[in-house]
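The values are calculated or read from the model by the stated rules, or taken from the named source; none is laboratory data. Note that this is a predicted model, so its numbers are computed, not measured. Ideal geometry is used to build each Cβ from the backbone, glycine not excepted, and the neighbour counts take in all protein chains shown.
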Amino acid sequence: MSQPLLDIRNATKVYQVGGGIGSKKKEVVALQNFNLTIADKPATITTIAGESGSGKTTLANLVLGFTHLSSGNIVFQGKDISDMTHSEILDYRQNVQAVFQDPFGVYNPFYRVEHVFDLVIKNFKLHKNDSEARDRIEAGLNAVGLRGEDILRKYPHQLSGGQRQRIMMARAYLIKPKLIVADEPVSMVDASLRAAILDVMLKLRDEENISFLYITHDLSTAYQVGDQIYILYQGSIAERGPTTSVIDKPHHPYVQLLVDSVPQPDPDDKWETDIELPDEEVMRAADAKGCRFYPRCPNRWDHCLTAAPPLFEVAENKHEASCYLYEPKVAVKR
Amino acid sequence: MATISANPKRKISRFNRFDNPWLNPFLITGVFLIVIILLGAFIGQFTWDSDLALVGNSPLKQPPVGVSHTTLRGTSVGTWEHPLGTDGDGRDMLAVMIVGAPRTLAIGFIAAAAGMGFGILLGFMAGFMGGRVDDVIRIASDTTITIPSILVLIVIQSVIPVNLVGMALLISAFAWPGPTRLIRGQVLSMKESGYVKMARISGASTFDIMFKEMMPNLIPYLAASFIGNMQGSILAAIGLEVLGLGPQRVPTLGKSIYWSVQLSGLSQGLWWWWGFPALILVVIFVGLLLINLGLDEISNPRLRQKVE
Amino acid sequence: MSEAQTSHSNTTAKAKNWADAKPVLKVDDLRIHYETPKGAVIAVAGISFTLYEGETLGLVGESGCGKSTTAYGILQLIQPPGHIVGGEIGLEGKNLIGLSERDFRRLRWTKLALIPQGAMNSLNPTMKVHEQIADVIVTHEGRQSKEKIKQRILDLFKTVGLPARIYDMFPHELSGGMKQRVCIAMGICLNPTVVIADESTSALDVVVQRVVAQTLLKVKELLGVSMIMIGHDMGLMAQMVDRIAVMYAGKIVEIASVHSLFKEPMHPYSQVLIDSIPSLKEKKPLKITEGITHDPRNPPPGCIFQLRCPHVMDVCRSKEPVMRELKPRQEVACHLYEVDAKGEVKNVAASA
Amino acid sequence: MKGITLVYFLRRFGIFLLTVWIAATLIYIIPRMAPGDPISAMVARMTQQAGYIENSDVIIAGWRKRFGLDDPWYLQYGRYLKNLVTFDFGYSLASFPTTVKEIVFRALPWTLGLLSVSTALFFFIGNFLGAMLAWNKTPRIIKGLIPVSMIFTSVPSLLAALMLLYFFAFQLGWFPSLSAYGRGIVPGWTWTFIGSVMWHAILPIMSIVVVTFGFWTLGMRGMMITVEGEDYVTLAKAKGLKPFYSLYRYTIRNAILPQITALALTLGTLVGGQVLVEYIFSYQGMGNAIFTAIRNQDYPVIQGTSYILILTTALAVFIMDMIYPLIDPRISHEGN
């Protein structure tokens, strides 16, 4: 078996909230015992989905090195990213790139658009001479359907949101990383333009062999482009597996609710049942020992409070759900 | 058809005038005033005898040219020999202005620059390092900013004799919290911004992130803060001088006011003694205020739109 | 509340008779401009539509197409440098434009209410939740006993599914979903004729969004109000509205019943919009459209969509298409269709 | 959750103590960092100023005793801090049997009186005009006048004091030129005395108010514009609330909060300006006490007055910190 591209093992991230002089710090668990593996080949798009506060953005920040794990490891091509030397970090940066949610904020308003390319070319020493650099930029832009002369000398506010996000894709393409962390890349782009960006992702995966960690709250785009999906609930995996399998046949009660709540773009297919949400406090005060979905779960029973449920296989294609409903023994008992 | 009109034409013409934000009328007028003072002092250095600014080098209590002043001892009339008159100790007021105005600006400049330097350093440290370092810097600046600095300076300067630079540096000890708070706040928000994250994953060094990514966007804020610091520092310097502290032998604008108050310049009606220094100071302060208003509008376009 | 329930419950019956429906709000050729240093941005370029009693009309389009500006124009909340350049807005037969500020103020909230995006900053941070609902009641109905108002607010809370304990809370103590429901409660507290919901669920998580959207549906049914829903999520529109108006660059390009629009969009832009909805049901190849839009200060002559239209023809570059009812209840502004002598609609591009 | 939590109180009180401690320590340390000991520095300075010193031996002896210069530094510093806490600053050098404490507490009420009246005035006038500027119903004439008066903002209060004193006291003779009440009037709760005090306070108060209100007008105008852009103000309009109610309860109420924070931050500068104004008017507050002490090289009085003023300022900031959560419900919440 070849070495995985990215291997996240038992990752836990705890944030200290508050603090300072005289006040007690509160701990918020953003990610708990999270495991994820992305194979080296073939390139895949792995979706991390969940609502706000599920830990998906924390995961992106961890992989990109903006924050550090409280415990566990993130291993890239066999090397733990927390043990990297300075030059290894630079190398890692070159191999793991990102596209962010806000296609405006990623541009420094002080500079022209070309600045984003100049930065990477200078820091990663991608060019031998200026003309080669220019050619590479042009090639990157062409790959996303843009031309250098149209955009490079402009200021970011002179471009549309869709263009700005495609330039970010071109930038990532230029670096030719092995993995791109795409943090909600289309959620601030108009619906009619989303396809263009998602298409670039597919193209980079198939033609350039670049894997994606696609972080989103939108299950339908994930369904269209994703290979594997991890659905997070309050920092833990609720369910994971091949995207089609998970979304077509969700097993975890939360994932069932989530999939069911996505509004169907079909006036004849309306929501059938009313759902109720328990109070915020009840939802957040979930017992740290047991299942975090317990307070909201329609299928709960005492067993759920004994310990956090591990992942149980629910289908043969590595489709797993973290719910005691699928615990082999218990399932028999019921 | 019913129409609602909010006289858009008027607004358009206003907007066009402000198309280039740096061509702000406040900013231009302010810079103009300060440049006039500096230019006047510069030309004066070569065309006027600055030794006249020292005690006893001129007759006493001469009024400015074209003004006559009557006392019990008789009437004196201003001459071109001392166009702005002379003070009660025989200093030529024009020479005092020429020597004093640049000194005042220099104190403000040195103190503001030193304060700004500390502020940039501490602000970036607090914003970037976070944790304990941030706590200490934040609390130190929050507390220092509420201390009435002039009182501390009075106590210190009443013991230690200082020269101009020493005075400026002492003042700068209270000029750092403003820029520190400003930069810390901006760094904290910029640190989370997309472009700083982008620069980080583009392999940019911390140094590059601070000075190439963040600094350019801070310029209007820093400029405004610098001008604000200059105002504050000049005010502190003048305050100390008016109380008779600060450099002793050199004539300054504040000292001039001190002597005129001490030697009853006001009650004797010798208005030029304190009036000209006050006028120069007012021009300096108005200039700085206008520059600050201009910078404020540049960095906060919302204010610009609402000006009616 | 119960009175409203009985008198209006029939209006929400599934199959509504189009001819019987009573128009409530009529917008005619509304134009809104924003003045900028480089000329006026035409935010709303002469749009017309009618809202019928008890129906929900969806206003969709991408960001910057003028859908929110339209809503704020109806409510006369456009802030300078924006201003209404022309048009008529009729509410129950009365033209609202030209009314004095004083007279219009009396109509606000009693007739025209707004449900803003409450998760954002729509609640005053220094006032308790109940004070912000009470002040609108007192303003429009006069002083009344504290207990009466309190009971009324608590009833409203019950209607929108809020716990009574938030009565005395400040907005910062509430979650996004709760704030949104406070905004709904506030919007319906005077039983208005028309409610405009501006992206009222778009900042919420999917599950919370569903709960809030269902609350909105329930409340609408209960009160029988007419509603304009502004949004960009086509899925949500399909769930919630009766008719949809598609906006592009300040104009309505198509108005149709939600069923017709989703089944058979006629305007090329509506087609793009429907095609670009990612499905959860089937994996289909992505359909990519070019995203070049014109300068909003200087729209090209002819059709507003010509730069992005896959079927663009010569006539589109010179002549502006007008809204025509090509099918029953389906109005489209496009040169692509021709009505022949027999009254049948033909696609010009297909026949050529 | 509501109101002031203990944690909030303790934290703010800590900052209050810290402010006073930092200021006191600066006063203590910096003179000591000068070459030689502070006494030689003092004496050198006095010699420089006065040319000769009549009773330098007495002074040097007194100072040596006072500072206990032969003790280790931590004892000296500890004694210094203890004296600060007990307000024991020893005796005035210039008017020997009088203690510094007496001088300070005789002057303090005058300063506090002037300060509180002028602060209330400029804060009210400034914010009122700022709110007016941002309100679309304000007559154009008023809007036009305010920017003109804004030019005063740049003038330091001390220069304003000079000009007001010159024109209104010396030239026109409308107002008295010195002291806090008329000569020969016996202090007491009589109308004559109160009237005289008010009469004497007008020019000093005006010197502060005239040059300060514009700053608050500008700030309030900026805050009003910011708040007017908030969604909740738009919603208030949509709700059809009466314009004045909405202006007051939704806009001004939220716009004033940062202004109060700003007041706490500028209090230090304000006290400094006040001291100078008192000195120009020979008003018998702290400013005049400080100046007299400087002229007499009365170091204990300089130190005592400065310290008490710093303490008062810090105390005022602390009190404002305590009031603030009652006005802004978000603060005590965020504090945790």
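Restricting attention to the range C:53-61, does a residue exist that is under 24 Å from D:Ala236 (Cα atoms), in a strand (DSSP E or B) and more than 13 Å from every other protein chain (Cβ to nearest Cβ)?
Looking through the range C:53-61, at least one residue is under 24 Å from D:Ala236 (Cα atoms), in a strand (DSSP E or B) and more than 13 Å from every other protein chain (Cβ to nearest Cβ).
Does C:Met169 meet the test of being buried (at least 19 other Cβ atoms within 10 Å of the Cβ), touching a helix residue (DSSP H, G or I) at 6+ places or on another chain (Cβ under 8 Å), within 25 Å of D:Asn254 (Cα to Cα) and among the hydrophobic types (A, V, I, L, M, F, W, C)? Break it down stepwise before answering.
Working: buried (at least 19 other Cβ atoms within 10 Å of the Cβ): no; touching a helix residue (DSSP H, G or I) at 6+ places or on another chain (Cβ under 8 Å): yes; within 25 Å of D:Asn254 (Cα to Cα): yes; among the hydrophobic types (A, V, I, L, M, F, W, C): yes.
No.
This table checks each residue for (1) free of Cβ contacts under 8 Å to residues at least 24 places away in the same chain; (2) away from chain C (no Cβ under 14 Å); (3) among the small types (Gly, Ala, Ser); (4) surrounded by fewer than 21 Cβ atoms within 10 Å (Cβ to Cβ).
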| site | (1), (2), (3), (4) |
| --- | --- |
| D:Trp199 | no, yes, no, yes |
| D:Leu203 | no, yes, no, no |
| D:Thr217 | no, yes, no, no |
| D:Lys239 | yes, no, no, no |
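Listed residues D:Ile202, D:Ile185, D:Ile208, D:Ile225; which is in a helix (DSSP H, G or I) and over 21 Å from the mean Cα position of the chain (by Cα)? So that I can check it myself, show each step before the final result.
Details: D:Ile202 fails: over 21 Å from the mean Cα position of the chain (by Cα); D:Ile185 fails: in a helix (DSSP H, G or I); D:Ile208 fails: over 21 Å from the mean Cα position of the chain (by Cα).
One residue alone meets the criteria, D:Ile225.
Please find, among A:Tyr214, A:Tyr223, A:Tyr254, A:Tyr230, the residue that is under 20 Å from A:Ser52 (Cα atoms), outside the structural domain of A:Gly53 (by TED's automatic domain parsing) and either assigned to a helix (DSSP H, G or I) or not β-branched (Val, Ile, Thr) (or both). Break it down stepwise before answering.
Working: A:Tyr214 fails: outside the structural domain of A:Gly53 (by TED's automatic domain parsing); A:Tyr223 fails: outside the structural domain of A:Gly53 (by TED's automatic domain parsing); A:Tyr230 fails: outside the structural domain of A:Gly53 (by TED's automatic domain parsing).
A:Tyr254 is the lone residue from the list that is under 20 Å from A:Ser52 (Cα atoms), outside the structural domain of A:Gly53 (by TED's automatic domain parsing) and either assigned to a helix (DSSP H, G or I) or not β-branched (Val, Ile, Thr) (or both).
Would you be able to say whether some residue in the range C:256-275 is out of contact with any Ser or Thr (no Cβ under 6 Å at 6 or more places or on another chain) and farther than 30 Å from C:Tyr52 by Cα?
No, there is no match, as no residue in the range C:256-275 is out of contact with any Ser or Thr (no Cβ under 6 Å at 6 or more places or on another chain) and farther than 30 Å from C:Tyr52 by Cα.
Return yes or no: is A:Phe110 surrounded by fewer than 19 Cβ atoms within 10 Å (Cβ to Cβ) and touching a Pro at 6+ places or on another chain (Cβ under 7 Å)?
When the stated conditions are applied, A:Phe110 passes them.
Yes/no matrix, rows are residues, columns are (1) buried (at least 19 other Cβ atoms within 10 Å of the Cβ); (2) in contact with a Pro (Cβ under 6 Å, 6 or more places away or on another chain); (3) of a type in the set (A, V, I, L, M, F, W, C):
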site	(1), (2), (3)
B:Ala175	yes, no, yes
B:Lys191	no, no, no
B:Ile201	yes, no, yes
B:Thr206	no, no, no
B:Ala224	yes, no, yes
B:Arg249	no, no, no
B:Thr252	yes, no, no
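Just the residues that are more than 8 Å from chain D (Cβ to nearest Cβ) and in contact (Cβ under 8 Å) with a residue 40 or more places away in the chain, please, taken from the range B:265-286.
B:Gly265, B:Gln268, B:Leu270, B:Trp272, B:Trp273, B:Phe276, B:Pro277, B:Ile280, B:Val283, B:Ile284
What number goes with the only condition from (1) within 13 Å of chain A (Cβ to nearest Cβ); (2) farther than 29 Å from C:Asp295 by Cα; (3) not in a loop (DSSP other than H, G, I, E, B) that C:Thr201 does not pass?
The failed condition is (3).
Do any helices (runs of 4 or more DSSP H) lying entirely in the range A:119-178 carry at least 3 residues that are in contact with a Phe, Trp or Tyr (Cβ under 9 Å, 6 or more places away or on another chain) and within 26 Å of A:Phe212 (Cβ to Cβ), and which ones are they?
Working: elements: A:130-143, A:148-151, A:161-175.
Hits in the range A:119-178: A:130-143, A:161-175.
Consider D:Gly188 against the criteria (1) without any contact (Cβ under 8 Å) to a residue 40 or more places away in the chain; (2) under 15 Å from D:Ile256 (Cα atoms); (3) small (Gly, Ala, Ser): it satisfies all of them except one. Which criterion is unmet?
For D:Gly188, the exception is condition (2).
Restricted to the range C:270-288, and to residues that are within 18 Å of C:Tyr337 (Cβ to Cβ) and touching a helix residue (DSSP H, G or I) at 6+ places or on another chain (Cβ under 8 Å), which residue is farthest from the other protein chains (Cβ to nearest Cβ)?
Step one: filter the range C:270-288 for residues within 18 Å of C:Tyr337 (Cβ to Cβ), giving C:270-274.
Retained after the next criterion (residues that are touching a helix residue (DSSP H, G or I) at 6+ places or on another chain (Cβ under 8 Å)): C:270, C:272-274.
On the way: C:Ser270: 11, C:Val272: 5, C:Leu273: 6, C:Ile274: 8 Å.
Applying the filter and picking the extreme gives C:Ser270.
Tell me whether the range B:262-272 contains one or more residues that are buried (at least 21 other Cβ atoms within 10 Å of the Cβ), part of a helix (DSSP H, G or I) and either touching a Pro at 6+ places or on another chain (Cβ under 7 Å) or among the aromatic types (Phe, Trp, Tyr) (or both).
The first filter runs over the range B:262-272 and keeps only residues buried (at least 21 other Cβ atoms within 10 Å of the Cβ), leaving B:265-266, B:270-272.
From what's left, part of a helix (DSSP H, G or I): B:271-272.
In the following step, the residues that additionally are either touching a Pro at 6+ places or on another chain (Cβ under 7 Å) or among the aromatic types (Phe, Trp, Tyr) (or both) were identified as B:271-272.
Yes, because at least one residue in the range B:262-272 is buried (at least 21 other Cβ atoms within 10 Å of the Cβ), part of a helix (DSSP H, G or I) and either touching a Pro at 6+ places or on another chain (Cβ under 7 Å) or among the aromatic types (Phe, Trp, Tyr) (or both).
Check whether at least one residue in the range A:148-155 is among the acidic types (Asp, Glu), over 24 Å from B:Ser205 (Cα atoms) and touching a helix residue (DSSP H, G or I) at 6+ places or on another chain (Cβ under 8 Å), and report yes or no. Give the derivation first.
Of the residues in the range A:148-155, the ones among the acidic types (Asp, Glu) are A:149-150.
Checking which are over 24 Å from B:Ser205 (Cα atoms) leaves us with A:149-150.
Now narrow it down to the ones that are touching a helix residue (DSSP H, G or I) at 6+ places or on another chain (Cβ under 8 Å): none.
For the range A:148-155, residues among the acidic types (Asp, Glu), over 24 Å from B:Ser205 (Cα atoms) and touching a helix residue (DSSP H, G or I) at 6+ places or on another chain (Cβ under 8 Å): absent.
Look through D:Val317, D:Val233 and report the one residue that is buried (at least 21 other Cβ atoms within 10 Å of the Cβ) and away from chain C (no Cβ under 14 Å). Can you show your working first?
Working: D:Val233 fails: away from chain C (no Cβ under 14 Å).
The conditions single out D:Val317.
Tell me which residues, restricted to the range D:123-162, are part of a helix (DSSP H, G or I), at the interface with another protein chain (Cβ under 8 Å from one of its Cβ atoms), under 23 Å from B:Val242 (Cα atoms) and not β-branched (Val, Ile, Thr).
Of everything in the range D:123-162, those that are part of a helix (DSSP H, G or I), at the interface with another protein chain (Cβ under 8 Å from one of its Cβ atoms), under 23 Å from B:Val242 (Cα atoms) and not β-branched (Val, Ile, Thr) turn out to be D:Ser154, D:Leu158, D:Leu159, D:Leu162.
Scan the range A:98-147 for residues that are more than 10 Å from chain B (Cβ to nearest Cβ) and farther than 27 Å from A:Val186 by Cα and report the count.
Residues meeting the conditions: 10.
Does D:Leu84 satisfy being in the same structural domain as D:Tyr28 (by TED's automatic domain parsing), in contact (Cβ under 8 Å) with a residue 60 or more places away in the chain and closer than 30 Å to D:Tyr283 by Cα?
Yes.
Among the residues of the range B:162-169, is there at least one that is outside any helix (DSSP H, G or I) and either surrounded by fewer than 22 Cβ atoms within 10 Å (Cβ to Cβ) or touching a residue at least 60 places away in the same chain (Cβ under 8 Å) (or both)? Lay out the reasoning, then the answer.
In the first step, residues of the range B:162-169 are kept if they are outside any helix (DSSP H, G or I); the result is B:162-163.
Next, only the ones that are either surrounded by fewer than 22 Cβ atoms within 10 Å (Cβ to Cβ) or touching a residue at least 60 places away in the same chain (Cβ under 8 Å) (or both) stay: B:162-163.
Scanning the range B:162-169 turns up at least one residue that is outside any helix (DSSP H, G or I) and either surrounded by fewer than 22 Cβ atoms within 10 Å (Cβ to Cβ) or touching a residue at least 60 places away in the same chain (Cβ under 8 Å) (or both).
With the checklist (1) facing chain C (nearest Cβ under 8 Å); (2) within 15 Å of the chain's Cα centre (by Cα); (3) of a type outside the set (Val, Ile, Thr) in hand, flag the one item A:Asp266 doesn't pass.
(2)
Taking A:Leu219 and the conditions (1) modelled with pLDDT under 90; (2) crowded, with 24+ Cβ neighbours inside 10 Å, which numbered condition does it fall short on, given that it satisfies the others?
All conditions pass for A:Leu219, except number (1).
I'd like the full set of residues that are within 13 Å of B:Leu270 (Cα to Cα) and not aliphatic (A, V, I, L, M), limited to the range B:78-89.
Going through the range B:78-89, the residues within 13 Å of B:Leu270 (Cα to Cα) turn out to be B:78, B:84-89.
Answer for the range B:78-89, where residues must be within 13 Å of B:Leu270 (Cα to Cα) and not aliphatic (A, V, I, L, M): B:Gly78, B:Gly85, B:Thr86, B:Asp87, B:Gly88, B:Asp89.
Give me a count of the residues in the range B:132-163 that are of a type outside the set (Lys, Arg), more than 7 Å from chain D (Cβ to nearest Cβ) and over 16 Å from D:Gly272 (Cβ atoms).
Summing the residues that are of a type outside the set (Lys, Arg), more than 7 Å from chain D (Cβ to nearest Cβ) and over 16 Å from D:Gly272 (Cβ atoms) in the range B:132-163 gives 9.
Identify all residues within the range B:170-201 that are outside any helix (DSSP H, G or I) and under 22 Å from the mean Cα position of the chain (by Cα); write none if there are none.
B:Ala173, B:Phe174, B:Ala175, B:Trp176
Which members of the range A:72-108 meet the condition of being β-branched (Val, Ile, Thr) and either closer than 28 Å to A:Ala170 by Cβ or part of a loop (DSSP other than H, G, I, E, B) (or both)?
Keep residues of the range A:72-108 that are β-branched (Val, Ile, Thr), which gives A:74-75, A:81, A:85, A:89, A:96, A:99, A:106.
If the condition is that a residue be β-branched (Val, Ile, Thr) and either closer than 28 Å to A:Ala170 by Cβ or part of a loop (DSSP other than H, G, I, E, B) (or both), then A:Ile74, A:Ile81, A:Thr85, A:Ile89, A:Val96, A:Val99, A:Val106 are the ones that fit.
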